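J.: Here it is: the structure, laid out below.
The values are calculated or read from the model by the stated rules, or taken from the named source; none is laboratory data. These numbers were taken from a predicted model, which means no experiment stands behind them. Cβ atoms come from the backbone with ideal geometry, glycine included; neighbour counts cover every protein chain shown. For the accessible areas, the whole protein counts, side chains as well, though only heavy atoms, and no ligand, DNA or RNA atoms are used. Shrake-Rupley method; radii C 1.70, N 1.55, O 1.52, S 1.80 Å.
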Amino acid sequence: MIKVADLKKSYQRLEVLKGISFDVKKGSVFGFIGKNGAGKTTTMNILTGLLRFESGQILINGMDFLKNKIELLKSIGYLPENPVFYEYMNAYEYLNFIGEITGLKTKKLNFDILHLLKVVNLKIQAKRRISGYSRGMKQRLALAAAIIHEPDILFLDEPASALDPEGRLEMLALLEELKRRGKTIFLSTHILNDAERVCDEVCIIEEGRILLDEKLSDLYDKYIQPVFDIEFEKELTVETEILNKLSWVESIKACGKIINLSVNNIKIGRAEILKVLSGLDNYVTSFQIRKSSLEDIFINITNQGRKVK
Amino acid sequence: MRSFRAYFKKEFKEAARNYKYLILAVGFIFWALLDPLMLKLLPLILKASLPVELLSQFTNINRDYAFLNLLKDLFQVGTLFFVFSLMGIISSEVSKKKLVLPYSRGLKPEGMVLAKYIHYAITVSIFIFAAFLTNYFYVKSLFNSGVLSIQIVLWSCFLYILYFAVILALLLYMSSLFKKSIIPGLLVLAIVYGFNFFNQLSLIRNYLPNYLILRAADLGVFFDTSLIPTFFISVFLIAIFIFLTIIRMKKIDVA
Ligand SMILES: Nc1ncnc2c1ncn2[C@@H]1O[C@H](COP(=O)(O)OP(=O)(O)O)[C@@H](O)[C@H]1O
Ligand SMILES: [Mg+2]
């Protein structure tokens, strides 16, 4: 759906994007993850036609973005990091203004706006001037402006980062709803918990370079700590010995009723272990694969990236 | 067209709610009301304290003098109000990132630029017209003698409106070039006042818009051929500045 190849961008002499490439699949939630200053906002401003760039290619729906910008923008919605409005307008007026620019028919627009205001939970404040809105309300209004024309692709730049916990949850719930409706979502964030919750694929950017681009599930498979924590009903007897003989077992630590078992291949390990355990006389009361979070993976990878340089 | 419509309405709301209409009204119409009154009252107030010779200057104030006084104030002070209230017309939109959402929705820059220009050109025309007309009736009732007639007032009014239309186009373009509004503001003021100097050079003055200001004060003299280049160049400048602004707004990074 979105294909970016070797995109480069500099501000004056500072090279901010050093040739990034990635692919966003239709209907997926693509997590664009990086620390502050990594180049997320710059990338999104380019992909929404707001910033020029030096070199590289952008294809959206198979069409060249630069050549078909006006056409392609019709299917794109953008929620900027710090949305700015005409603050003397109220939410209703602003959405009307944006809808008119987008070319929506007045009659349907009025109806759609009322519906949108309900969706983003701004109905009560719709006739108040935007200058009096809180950060979270502005964020929700900007989301409404971004989806007013029912775009297929959404660019959301840190939609929840600046919000309080309650606002964050509301925003995430809205994202999940959009995901359910089949939108392709390009979501930048530095909050890994949020990415973990909604993304199908993550792409880590650091200092203008892509360090990793992978499906979230593959990522877990690759970086998961290959350790099983198993607790038995009775004290251990022969179990340790039996398990130790298996070829895919790396090492075993036993203590009382508990075994910590490392494997050298998580795929085989996961497939085999339950069979083996069910053959034992001692019942298993608890079984767990030690899961590392995206946060661990992120720290791991960005550290590696630093070492490579 | 839809970008034009959306921005025309937006400019209307903005000017009304951010008191731009009020400021412009003060900048133009206020003088039309205040000037004649001052000219009428000042001699009365000063009667006691001024020597007779000086006072005689005030006593032969006629309608022409009062009207010329308005022209002078509109040029000197009206432009200040005009330029300072509109210098951010594009620069503040860009620097405060207000164009991010509209541009991401496929805003057509030509629609926005034309809407801004036409909205304020109409606004200023109305205020100038109102100022000239109120001043005329006011002056007529307060003072006697002079050649001033409604034809003269309307002719001067037309020249002023054309002049401000040129300045507005210049301001629009300058405002699209800089991020800090004060820079286009000062540049335009320097051009407005500085170019008045050329009115002393009879060979080239009618090739510059400030000649309109000179001719507006030439009461009783209407169109002559020396104005042809002035008109032509004024219209050309308006077109070229608007065109350059559109080009600029098509290329500019709004994020
Ligand atoms: N307008 C600008 N002029 C110069 N440098 C900029 C500008 N915008 C961003 N940068 C720089 O580009 C880098 C990437 O910024 P940005 O894309 O905003 O990062 P992120 O969104 O990931 O936090 C940062 O080092 C930032 O300082
Ligand atoms: Mg950012």
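J.: Just to be sure I understand: if I project the alpha-carbon convex hull of the range B:111-255 onto a plane and average over all orientations, what area do I get in nm²?
T.: Quarter of the Cα hull surface area: 10.0 nm².
J.: On to the next question. Work out the FRET efficiency for residue B:217 and residue B:12 from their Cβ-Cβ distance, taking R0 = 45 Å, and round it to the nearest 0.05.
T.: It comes to 0.85.
J.: Over all distinct Cα pairs, what is the inverse of the mean 1/r for the range A:113-181, reported as the Kirkwood hydrodynamic radius in Å?
T.: 12.4 Å
J.: Here's something else I'd like to know. Among A:220, A:86, A:133, determine the one that fluctuates most according to a GNM of chain A built with springs between C-alpha atoms less than 10 Å apart.
T.: Among A:220, A:86, A:133, the largest GNM mean-square fluctuation belongs to A:86.
J.: Give me the one-decimal nm value for the distance between modelled label points at residue B:1 and residue A:191, 7 Å along each residue's Cα-to-Cβ direction.
T.: Output for this residue pair reads 4.4 nm.
J.: Now for a different question. Sorted by packing (mean other beta-carbon atoms within 10 Å per residue), highest first, where do B:158-169, B:13-24 land?
T.: Put in order of decreasing packing, that is B:158-169, B:13-24.
J.: I would also like to ask the following. Please work out the C-alpha center-to-center distance from the range B:13-50 to the range A:185-209 and express it in whole Å.
T.: Distance between centres, Cα-based: 60 Å.
J.: Taking accessible area as the heavy-atom solvent-accessible surface of the protein chains with a 1.4 Å probe, which residues of the range B:85-126 lose no less than 10 Å² upon going from the isolated chain to the full protein assembly?
T.: For the range B:85-126, once contacts with the other chains are taken into account, B:96, B:97, B:98, B:100, B:101, B:102, B:103, B:104, B:105, B:106, B:107, B:108 lose 10 Å² or more.
J.: Send over a whole-number figure in Å² for the accessible area per residue of the protein assembly as shown, probe 1.4 Å.
T.: 47 Å²
J.: What is the Å³ per residue value for the convex hull set by the Cα atoms of the range A:135-213?
T.: Hull volume normalised by residue count: 100 Å³.
J.: Pairs of alpha-carbon atoms within less than 8 angstrom and 6+ residues apart define the contacts here; what relative contact order does the range B:2-251 have, in percent?
T.: 27 percent.
J.: Counting only DSSP beta bridges with both residues in chain A, tell me the antiparallel percent, nearest 5.
T.: Roughly 70 percent of the DSSP beta bridges within chain A come out antiparallel.
J.: Give me the percent of accessible area attributable to carbon and sulfur for the range B:96-255, probe 1.4 angstrom.
T.: Carbon and sulfur together cover 74 percent of it.
J.: Express in nm, to one decimal, how much length is gained between residue A:222 and residue A:262 on full extension, taking 0.36 nm for each residue of separation and deducting their alpha carbon distance.
T.: So the extension gain works out to 12.9 nm.
J.: Tell me the Kirkwood hydrodynamic radius of the range B:53-134 in angstroms, computed as one over the mean inverse distance between distinct C-alpha pairs.
T.: This gives a value of 16.1 Å.
J.: Another question, then. Students often get this wrong: which residues of the range B:168-203 have the backbone nitrogen under 13 Å from the point 7 angstrom along Cα-to-C-beta of residue B:233?
T.: Within reach of a label on residue B:233, which here means backbone N under 13 Å from a point 7 Å along Cα→Cβ, the range B:168-203 contributes B:195-203.
J.: Can you tell me which of A:190, A:149, A:115 moves the most in a GNM of chain A? Springs connect C-alpha atoms under 10 Å apart.
T.: Its mean-square fluctuation being the largest, the pick is A:115.
J.: Now for a separate question. Suppose R0 equals 60 Å. What FRET efficiency, 1/(1 + (r/R0)^6) with r the Cβ-Cβ distance, do residue A:123 and residue B:60 give to the nearest 0.05?
T.: It comes out at approximately 0.30.
J.: Using only the Cα atoms, work out Rg/Rh for the range B:2-251, with Rh taken as the Kirkwood radius, to two decimals.
T.: Rounded to two decimals, Rg over Rh is 1.03.
J.: Also, quick follow-up: May I ask for the accessible area buried between chains A and B, both sides summed, probe 1.4 Å, to the nearest 100 Å²?
T.: 2700 Å²
J.: Simple spin-label model, 7 Å along Cα-to-Cβ: residue B:204 to residue B:240 in nm?
T.: 1.4 nm
J.: A further question on this structure: Take the Cβ-Cβ distance between residue A:25 and residue A:115 as r, set R0 to 30 Å, and report the resulting FRET efficiency rounded to the nearest 0.05.
T.: FRET efficiency, residue A:25 to residue A:115: 0.55.
J.: Roughly how many Å² of residue B:31 are accessible to a 1.4 Å probe, to the nearest 10?
T.: Using a 1.4 Å probe on the heavy atoms, I get roughly 50 Å².
J.: Same structure, new question: Between residue B:40 and residue A:271, how many nm apart are label points set 7 Å from Cα along the C-beta direction?
T.: Going by the 7 Å Cα→Cβ label model, 10.3 nm.
J.: Taking N as the number of residues in the protein assembly as shown, what is its alpha-carbon radius of gyration divided by 2.2 N^0.38 Å?
T.: Scaled against compact globular proteins, the figure is 1.42.
J.: Could you tally the net charge around residue A:80, taking each other residue with its Cβ under 15 Å from the Cβ of residue A:80, Lys/Arg +1 and Asp/Glu -1?
T.: +3
J.: If amide hydrogens are placed 1.01 Å from N in the peptide plane, which non-local residues have theirs closer than 5 Å to the one on residue A:78?
T.: A:155
J.: When N counts the residues of chain A, how does its alpha-carbon radius of gyration compare numerically with 2.2 N^0.38 Å, as a ratio?
T.: Against the empirical 2.2 N^0.38 Å value, I get 1.26 for chain A.
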